[in-house]
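The values are calculated or read from the model by the stated rules, or taken from the named source; none is laboratory data. This one's a predicted model, so the numbers in the text were calculated from it and none came from an experiment. Reconstructed Cβ throughout: ideal geometry from the backbone, glycine too, with neighbour counts over all protein chains shown.
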Amino acid sequence: MRDPTSFLAQEYGDLVRQELDWKLRILEGPSAPWCQIDGHRVLMFCSNNYLGLSNHPRLKAAATEAVATHGVGSGSVRPIAGTMDLHAELERRLAKFKHAEASLVYQSGFATNSGLIPQLAGDGDLIVSDELNHGSIIDGVRLSRAERAVYRHADADDLAKVLQTAEAHTPSYRRILVITDGVFSMDGDVAPLDRIAAVAGDHGAMVYVDDAHGEGVLGPGGRGIVSHFGLTRDQVHVEMGTFSKAFGVVGGHISGSRALVDFAYNRSRTWLLSGSHPPPTVAACIAAVDVLEQEPAHVERLWEHTRRFKKAMADLGFRTGKSTTPITPILVGESARAKQLSQRLFELGVFALPIVFPMVAKDQARIRTIMNAALTPDDVTFAIAAFEKAGRELGLL
Ligand SMILES: *Cc1c(COP(=O)(O)O)cnc(C)c1O
C-alpha cells in the first residue's frame with residue numbers, strides 16, 4: 001500500500017532544495033535588545049516589539065498578579081463562561097485610549113481579520129482591497145461571499161477607478177467595504193488613509209484599516225494611524241490592531257462604534273468559537289495601555305533611533321526604499337545576497353532576517369530592520385557599524 005502521507009516529506013524536501021523553507025532561530029530568553037539566539041549574543045533588530053514592552057517590568061508584574069488572582073486560563077470561550085472582569089476592563093481601557101465609543105478584543109489579529117471581514121460583507125456586496133494587504137486580510141476576504149476587487153498599492157486614485165468600474169457594472173451593491181493595511185510591513189510605507197477615506201466616502205463605502213504596525217508608533221502617544229491623520233469614526237469605521245506588536249503581548253482588537261462592537265462579537269466565528277485570552281495575557285495588555293498613556297518616552301525614543309538609523313543607512317549608500325516608519329528595509333537585490341548579508345550581520349552581532357522571494361519579488365530581496373525603543377544610542381551606533389562593515393565586505397557599498 002502507498003503511504004498516504006508520503007507527500008509531506010516530498011513537498012518539504014522540495015522547499016528545502018529551493019531554499020524556501022524556514023530555518024527557525026531559537027531565542028533563549030526574553031525578546032530584549034541584547035538577546036541570546038542559538039548560543040550567540042546579538043542585538044535584536046527585527047522583532048515587532050517596537051517599544052520593548054514584551055519585557056517591561058509593569059507588564060510582567062501585571063501578568064504575575066493576574067495569575068495569582070484569576071488563574072492561568074479563562075475556562076471557556078467569551079460568550080459562554082470566558083468573559084472575566086479583566087476582559088471587560090481591557091476593552092474599556094482600549095476604547096478610551098483610541099478615543100472610540102467601544103473596542104473589542106480577539107485572541108489574535110489573524111482571528112480578528114479572518115473572523116470579522118467575512119461578516120461585514122457577503123452576497124451582493126463588494127470588498128476592495130489594497131494589492132499588498134496582509135495575509136490575514138486576504139484570508140478574511142476569501143471567507144466572504146462578496147465580490148472582490150484589488151486596487152494598486154497605496155493608490156487612492158486607482159481605488160476611485162476600481163470603485164467606478166465596479167459600480168458601472170453592478171449599480172446595486174448592498175454594501176461596499178474598503179480595506180487597507182495602515183503601515184505595510186515589508187516596505188514600511190504608510191497608507192494614504194485620508195485620501196482612501198475620502199474616496200470611500202464618495203461611494204458610501206465602509207473603511208477598515210489594519211493598523212498592526214502603526215499602533216504604538218504613529219500618531220500622538222502612539223494612538224495609531226486614525227489619530228495620525230486626525231480622521232473621525234465617520235470616516236474610518238473599523239480600526240483594527242493587535243497586541244502582538246508594539247503592545248508587546250498578543251491579541252487582536254477593533255475600535256469603532258458601539259454598533260460595530262455589538263455586531264462583531266455576535267457574528268465573528270473566531271471570537272465565538274475559540275477560547276478567550278488567559279488572565280495574565282489580558283492583564284499584561286491592560287498594563288501595556290497604561291504604559292503607552294503614562295510613559296510617552298518610549299514612542300519618542302523609537303522615532304529618535306529611527307531617524308538616526310535611516311539617515312546613517314542613506315549616508316552610507318544603502319538603498320532603503322520609501323519607508324517613513326521604524327521599519328527600514330535594506331534593499332540588496334537577489335535572495336542569495338540578502339541571506340549573505342543577514343548571516344554576516346549575525347556574526348557581527350546583529351540579528352536581522354532576510355526577506356526574500358516569494359515574500360517579495362525576486363529582485364527585491366532585503367534585510368528588514370525594525371527599530372526598537374529599548375535600544376540605547378550606543379546600541380544603534382553598534383548596529384550602524386555592523387551594517388557598514390558587512391555592506392563593504394559584500395560589495396554593497
Ligand atoms: C502581524 C499582523 C497581523 C496579525 O496579527 P496577530 O495578532 O499577530 O495575529 C495582522 N495584520 C497585519 C498587517 C500584521 O502585520
Would you point out the residue of the range 37-55, among those that are of a type outside the set (A, V, I, L, M, F, W, C) and under 12 Å from Leu375 (Cβ atoms), that is surrounded by the most Cβ atoms within 10 Å (Cβ to Cβ)? Tyr50
Out of contact with any helix residue (DSSP H, G or I) (no Cβ under 9 Å at 6 or more places or on another chain) and among the aromatic types (Phe, Trp, Tyr): does that describe Phe309? no
Tally the residues that are in contact with a helix residue (DSSP H, G or I) (Cβ under 9 Å, 6 or more places away or on another chain) and surrounded by 10 or more Cβ atoms within 10 Å (Cβ to Cβ), restricting the search to the range 1-22. 3
Any chance the range 277-295 includes a residue that's without any contact (Cβ under 8 Å) to a residue 12 or more places away in the chain and of a type outside the set (A, V, I, L, M)? yes
Have a look at Ala365, Ala374, Ala336, Ala361 and point out the one that is over 30 Å from Asn55 (Cα atoms) and surrounded by 20 or more Cβ atoms within 10 Å (Cβ to Cβ). Ala365
Restricting the first residue to the range 11-26 and requiring it to be in a loop (DSSP other than H, G, I, E, B), which pairs with a second residue that is among the small types (Gly, Ala, Ser) and surrounded by 11 or more Cβ atoms within 10 Å (Cβ to Cβ) meet a Cβ separation below 9 Å and a spacing of at least six or different chains? Glu19/Ser335; Glu19/Ala336
Suppose we filter Arg258, Arg267, Arg301 for residues that are away from the ligand (no atom under 16 Å from the Cβ), in contact with a strand residue (DSSP E or B) (Cβ under 6 Å, 6 or more places away or on another chain) and among the basic types (Lys, Arg); which single one remains? Arg258
Wholly within the range 195-298, which helices (runs of 4 or more DSSP H) include no fewer than the required count, namely at least 3 residues that are modelled with pLDDT of 95 or more and crowded, with 24+ Cβ neighbours inside 10 Å? 279-294
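So that you can scan it fast, the table gives a plain yes or no per residue for (1) without any contact (Cβ under 8 Å) to a residue 12 or more places away in the chain; (2) within 13 Å of the ligand (Cβ to nearest atom):
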{"position": "Gln164", "(1), (2)": "yes, no"}
{"position": "Ala168", "(1), (2)": "yes, no"}
{"position": "Ile179", "(1), (2)": "no, yes"}
{"position": "Val207", "(1), (2)": "no, no"}
{"position": "His213", "(1), (2)": "no, yes"}
{"position": "Val226", "(1), (2)": "no, no"}
{"position": "Gln235", "(1), (2)": "no, no"}
{"position": "Ser244", "(1), (2)": "no, yes"}
{"position": "Gly251", "(1), (2)": "no, yes"}
Please tell me if Leu43 is among the hydrophobic types (A, V, I, L, M, F, W, C) and out of contact with any Gly (no Cβ under 8 Å at 6 or more places or on another chain). no
Pick out the one residue from Lys322, Lys339, Lys389, Lys310 that is farther than 26 Å from Lys23 by Cα and assigned to a helix (DSSP H, G or I). Lys310
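Confirm whether Ser185 is within 16 Å of the ligand (Cβ to nearest atom), among the hydroxyl-bearing types (Ser, Thr, Tyr) and touching a helix residue (DSSP H, G or I) at 6+ places or on another chain (Cβ under 8 Å). If you could, list the steps in order and put the result at the bottom.
Details: within 16 Å of the ligand (Cβ to nearest atom): yes; among the hydroxyl-bearing types (Ser, Thr, Tyr): yes; touching a helix residue (DSSP H, G or I) at 6+ places or on another chain (Cβ under 8 Å): no.
So Ser185 fails the test.
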Options Ala88, Ala68, Ala61: the member that is surrounded by fewer than 21 Cβ atoms within 10 Å (Cβ to Cβ) and touching a residue at least 60 places away in the same chain (Cβ under 8 Å): Ala61
